[in-house]
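First the structure, then my questions, so here it is.
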Amino acid sequence: MNSGSICNVTAILGAMVKSSEVVEQLKSEGRYLVSSIRLEDIAQSDLIEGADIIVVEIDSMNEDEMQIFPEVRARATNTPLLLLSNELGHGAMQKLLKFRVDEWLLRPLDQKVFREAMQSMVRNTRTSTNLVHAVISCAGGTGATTVAISMADIASRISSKKRPNIALVDMDYSSGNCGYVLNMVSDFKLGSAASAHRRIDSEFISLIQQRNEAGFYLYSFKRPDLNIEERGPELVLRLLDAISIDHSMLILDIPYYETEWRADVMSGINSCSLVSEVSLPVLKHTLDLINEIKKIRGDDFPINVIFNKQTTKLFGQRISQRRLKELLGNTPFSFLPQDQGTIRESMDRGILPSEISKRSPFLKKLTAYMKLNGLFDTGGNDVN
């Protein structure tokens with residue numbers, strides 16, 4: 001299976017279907033975890049509840065096969081449902097509308113049409129269930145990249161899922177710094193996709209992704225000219241769209257400087273962490289960024305400020321927490337402690353901070369921050 005593509009598909013086979021071309025096609029795609037059940041076994045199976053997509057393959061809409069649909073909808077109310085069958089009459093089509101069949105395709109299977117239908121359903125599913133969290137630097141040198149990398153690491157380790165499908169997307173194409181920090185510099189020539197955006201699909205994504213030993217997937221490229229190319233923003237957004245189809249959680253490392261695509265990316269994220277420092281110049285940039293995001297997403301959009309590299313001083317901070325509350329208003333803020341020894345050693349060795357010290361105060365505080373803000377699945381309802 002392609003490393004970054006995990007989508008659970010349950011195929012239900014009607015009474016007259018002896019062998020399933022659908023199941024074989026899905027397995028050959030390498031993008032899906034495929035389970036199949038026979039019509040007579042539906043009542044005893046728990047595969048329906050765990051499916052991201054349900055595919056029903058029947059011969060014709062006889063009385064027995066019609067019972068598939070109320071059974072499915074009783075146990076999977078909103079799961080996308082695709083039907084593959086022979087030609088159906090008007091009465092049968094009306095019944096399908098009642099059970100909210102999302103897509104209907106004729107047998108025999110047209111592989112291209114089927115593939116496009118599945119990709120569309122995956123995209124719609126990911127759009128409604130994905131968590132996309134942006135880590136945005138308020139100024140150069142705040143340590144946002146280290147925060148984003150550690151978030152991906154923590155989410156991969158703590159998620160209740162056995163195979164969490166988390167992607168770290170480095171959106172600073174001027175440096176591709178995530179790849180350098182993790183010693184995972186990509187040699188893929190991203191320029192080859194600049195004039196062929198339509199080729200950016202799941203197969204393309206499987207070629208450019210890298211998997212960190214911690215379990216998350218990295219997309220990081222150094223291509224400074226992408227920020228000034230005429231079609232650069234289109235390529236960036238198309239890449240991000242294709243990556244989001246293949247992963248259930250995305251952490252975006254977004255640089256402090258303005259780009260043509262930043263507003264478009266902001267319009268599609270679920271939440272964000274602004275990485276700042278307690279100094280007046282950086283605070284001014286932080287307030288500007290908060291106002292920018294609120295203009296795009298509205299006053300109710302969840303924004304959190306992280307003051308990184310915080311040190312404890314004997315006689316208090318130059319800018320008190322009370323003053324910070326006055327400046328930030330209703331925008332919540334947190335502190336991450338200075339942990340220079342752990343962070344510097346991890347960067348010099350090209351490994352994760354958790355590989356240096358799992359007891360790092362920086363990681364402990366960041367983990368608590370992520371739990372508080374529902375930034376990974378802990379087996380409850382943190383991520384909706």
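Under a 5 Å amide H to amide H cut-off, with H placed in plane at 1.01 Å, what residues pair with SER271 once short-range neighbours are removed?
Amide H neighbours of SER271: VAL132, ALA134.
Could you give the size of the charge dipole of the stretch 284-375 about its Cα centre, using +1 on the Cβ of each K and R and -1 on the Cβ of each D and E, expressed in debye and rounded to the nearest 20? It would help to have the intermediate numbers written out before the result.
Numbers: 17 positive and 9 negative charges, 63 e Å.
For this selection, approximately 300 debye.
To the nearest 0.05, how large is the calculated FRET efficiency for PHE99 and GLU24 if R₀ is 25 Å and r is the Cβ-Cβ distance? Display every interim value, and only then the final one.
Working: r = 26 Å, r/R0 = 1.03.
Efficiency, from the Cβ-Cβ distance: 0.45.
Among [x] 53, 30, 19; [y] 37, 22, 20; [z] 44, 22, 20, find the value of semi-axes √(5λ) of the Cα gyration tensor in Å that was calculated from the structure presented, and write down its label.
[z]
Now, a different point. Which value in nm describes the separation of the simple spin-label points at ARG38 and ILE228, placed 7 Å from the Cα toward the beta carbon?
6.7 nm
Run the numbers for ALA263 and LYS364: contour at 0.36 nm per residue of separation, minus the present Cα-Cα distance, in nm. Let's see the in-between values first.
On the way: separation 101, 0.36 × 101 = 36.36 nm, distance 3.19 nm.
Full extension from ALA263 to LYS364 adds 33.2 nm.
Hey, can you grab everything whose amide H is under 5 Å from the amide H of LEU105? Only 5+ residues off in sequence or another chain; H modelled, so Pro and N-termini drop out.
Under 5 Å from the amide H of LEU105 lie the amide H atoms of LEU83, LEU84, SER85, each far enough along the sequence or on another chain.
How far is helix 361-372 tilted, in degrees, relative to the longest principal axis of the Cα atoms in the chain, given as a value from 0 to 90 rounded to the nearest 10?
The angle comes out at about 50 degrees.
Compute the distance in nm between two label points, each set 7 Å from the Cα along the Cα-to-Cβ direction, one at ASP187 and one at ASP241.
3.2 nm
Can I ask one more? Using the alpha-carbon centroid of each, what span in Å lies between the stretch 232-255 and the stretch 72-96?
33 Å
Only four residue types carry charge here, +1 at the Cβ of Lys and Arg and -1 at the Cβ of Asp and Glu. Report the dipole size of the stretch 195-279 about the Cα centre in Debye, rounded to the nearest 20. Show your work: numbers first, answer last.
Values: 8 positive and 14 negative charges, 37 e Å.
Roughly 180 debye, rounded to the nearest 20.
As I understand it, the value is the acute angle between the Cα axis of helix 232-246 and the longest principal axis of the Cα atoms of the chain; what does it come to in degrees, rounded to 10?
60 degrees
Follow-up. For the stretch 131-372, what number of Lys pairs, 8 or more residues apart or on separate chains, have alpha-carbon atoms under 17 Å from each other?
Working: LYS161/LYS371; LYS189/LYS222; LYS284/LYS294; LYS284/LYS295; LYS284/LYS325; LYS309/LYS364; LYS309/LYS365; LYS358/LYS371.
For the stretch 131-372, the number of qualifying lysine pairs is 8.
To continue, here is another question. Which cross-chain or sequence-distant (5 or more) residues have an amide H under 5 Å from the amide H of PHE216, H modelled 1.01 Å from N in plane?
Counting only residues 5 or more places away or on other chains, the set is empty.
Between GLU213 and SER271, how high is the FRET efficiency from 1/(1 + (r/R0)^6) when r is the Cβ-Cβ distance and R₀ = 25 Å? Nearest 0.05.
Details: r = 27 Å, r/R0 = 1.08.
The value I calculate is 0.40.
Oh, and also: Take the Cβ-Cβ distance between GLU63 and GLU326 as r, set R0 to 51 Å, and report the resulting FRET efficiency rounded to the nearest 0.05. Before the final figure, lay out each step's value.
On the way: r = 70 Å, r/R0 = 1.37.
Here the calculated transfer efficiency is 0.15.
Note down the nm distance, to one decimal, between modelled labels 7 Å out along Cα→Cβ at GLU292 and at GLU49.
That separation, rounded to one decimal, is 4.6 nm.
Read the figures in this text as sums done on the coordinates, not as results from a lab. Because the structure is predicted, anything quoted here is derived from the model rather than measured. Cβ coordinates were reconstructed from backbone atoms using ideal geometry, including for glycine residues, and neighbour counts include every protein chain displayed.
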